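The values are calculated or read from the model by the stated rules, or taken from the named source; none is laboratory data. This is a predicted model, so every value here is computed, not measured. So basically every Cβ, Gly included, is an ideal-geometry build from the backbone, and we count neighbours across all protein chains shown. SASA here: full protein model, heavy atoms, side chains in, ligands and nucleic acids out. Shrake-Rupley method; radii C 1.70, N 1.55, O 1.52, S 1.80 Å.
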Amino acid sequence: MTHKMPTLLLRYRPWFAGLFQACLIVCSLIIAWLLRFDFTIPYRSTLLFAMPILVCVRLSTMAYFGLLRGWWRYVGIRDGADILKAVGVGSVVFWLVMRFALRATAFPRTIYVLEALLTAVSLAGVRLLSRAIAESVRENISSRKRVIFIGAGSAAHTIIREIRRPDSSYVAVGCLDDDQSKLGIRIDNVRVLGAVDQLAEVLSSEPADEVLIAVPSATGSQMRRFVEICNSAKVSFRTVHALKDIIAGQVAVSQLREVSLEDLLGREPVQIDLDAVRREIVGRTVLVTGAAGSIGSELCRQIIEYGPARLICLDQSETGLFFLRLGLIQHKNGSQVVFRVADVCDSERVAALLSEFSPEIIFHTAAYKHVPMMESNVQEAVKNNVLALVGLLDLAAEAGCKAFVLISSDKAVNPTNVMGATKRICELIISSRPPNGMRCVSVRFGNVLGSSGSVIPVLRQQLRDHQPLTITHPEIKRFFMITPEAVALVLQAFVIGEHGDILVLDMGESVRILDLARSLIRLSGKFEHDVPIQFTGLRDGEKLEEELFYNHETVLPTSCGKVKRTSGTLKDWPGLCRQLEELRVSMTMDGAAPIRAKIKEIVPEYSLPHEMEGGNSIKMESNHFEAVAGHD
């Protein structure tokens, strides 16, 4: 009600303003009559005869002097003068009409004066009251944040309705929408002012403190455009949550948040068969290795939602497990959750745990993943990524495990580094190993956005520390997927995968790291020329672009559109076991060369350092942009 009253007083339509003022004139005439005849109403026929004539004359003169418009919040001295003129001229005309045209000599002469005075006072009084209310409203609005909406759909309508509450700290200035049919329309009395590209022009006439992007269904390219327009206009911006979250009831349309890098990537929502995943997990004992990592922790969070009887979270990071426990304790969903500190390379410790809990499903995410680090620690890469897997598979089979899922990497395809080569060996182990009652599946995908030590956290930290952004090469590209999406697809792959399958997640198009860096700069509210980007050159084992498939692999569809099955040449299991034993022996020799040579024998596609072209020596500089972040 507090918002409706000022609106009615400030923005009358002309007809409503005329009707209201006609009522004031009638009231003034009746009050004058009561004053003249000691608060009685004699000669009623004369009064009723004169009333419509007076109203018509007054409204005509008021219209002539521009007093029928409804914008009274700007009333001033000139309006008062116009009221006096209109009332004076109207009184003269009324007297002439009554006295000479209609010969109404019985009309009391004092009424001419009393009615004129009362009408002048009432017309001026309502205008001054309107201005006083308008001033108080303006004072209230001045302390609120002015916002412009991008989007004039249902989301904008919901938020506008929400911020009209008296306790809201926002006031809507207008909307922008590229739909030309919406130009000029009003959404809850908030006008669509133009197209999105006209933001800067609109801000010059309608200043705003913030832009609210109210397009929950926006694609990545649309969000990138909105952000670029807001940055060009030098105005801060926020957005609503994604459409899938709103539909799922997880958030309200009116809840706002900062625009994230995930919005700019704009990946489509993942559709998985929840019932199928639940049937495989509910009531079973599930073990996740590397549970404190980016993928492992999200796996634990999603698995717990499907009601396992017991979830064992295993990791060698005590601190990581501590924080994972804090996150899972509120979502136990009736399941028993166990946290164990252990190294997957410690076969005795792992054997004891498997004997104690007898997991039916194992998700193996524990691995060393950082490319440059593993280039200088070849023995540890092989020990942790390959030999630990071999031991874990044997122990899992002995413990009666029914399903084993390995998390692989796109770096396993035509590897140029030890980390990728070890992941390829792991794929070969999974695909070649006889089932022996345990279904083994490997899942291959690219970078996870925001995982610890990866490019995005590094760049964000550099932005916070006001350092140049470091990127290895201006053309380096990577596949990216957000963590919840990757894990949801891993669970789907676990359900549909058959023994020995190498399943590959749909990663969409690869993204230039330089483009990601520029997007981060814009999202931080800065401009590209404010933040230097330094190109440091490709690091050891790093290549410009990753691949998801080998040329010799046949890509086959699955029941899930975002999961593909590969079919390629398998290794002979006894032969692979012999090579793995030789790899184990090579680790006892001096240096990494014998190990690399044995890796090359197992994975012929692996490019040894001396076989790679001199791409790693690239060093580039730019006036404004640099590029480190192939950070894998």
#### Entry: Every residue from segment 467-484 that is modelled with pLDDT under 85 and out of contact with any Asp or Glu (no Cβ under 8 Å at 6 or more places or on another chain)
F480, M481
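Run down S122, S91 and say which single residue is hydroxyl-bearing (S, T, Y), open to solvent by less than 30 Å² (accessible area, probe 1.4 Å), touching a Leu at 6+ places or on another chain (Cβ under 7 Å) and modelled with pLDDT of 90 or more.
Working: S91 fails: touching a Leu at 6+ places or on another chain (Cβ under 7 Å).
On inspection, the qualifying residue turns out to be S122.
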### Summary
The condition from (1) open to solvent by 40 Å² or more (accessible area, probe 1.4 Å); (2) at pLDDT below 90 that L9 misses is numbered (1)
### Query
Which ones in segment 333-346 are modelled with pLDDT of 95 or more and open to solvent by 50 Å² or more (accessible area, probe 1.4 Å)?
R340, V341, D343, D346
### Message
Looking at the structure I just gave you, is T470 open to solvent by 10 Å² or more (accessible area, probe 1.4 Å) and in a strand (DSSP E or B)?
### Response
yes
### Message
If I filter segment 425-456 down to residues being over 35 Å from the mean Cα position of the chain (by Cα) and among the basic types (K, R), which single residue comes out as least open to solvent (accessible area, probe 1.4 Å)?
### Response
R433
### Task
Scan T588, T558, T566 and give me the residue that is among the polar types (S, T, N, Q) and either under 30 Å from I229 (Cβ atoms) or open to solvent by 40 Å² or more (accessible area, probe 1.4 Å) (or both).
T588
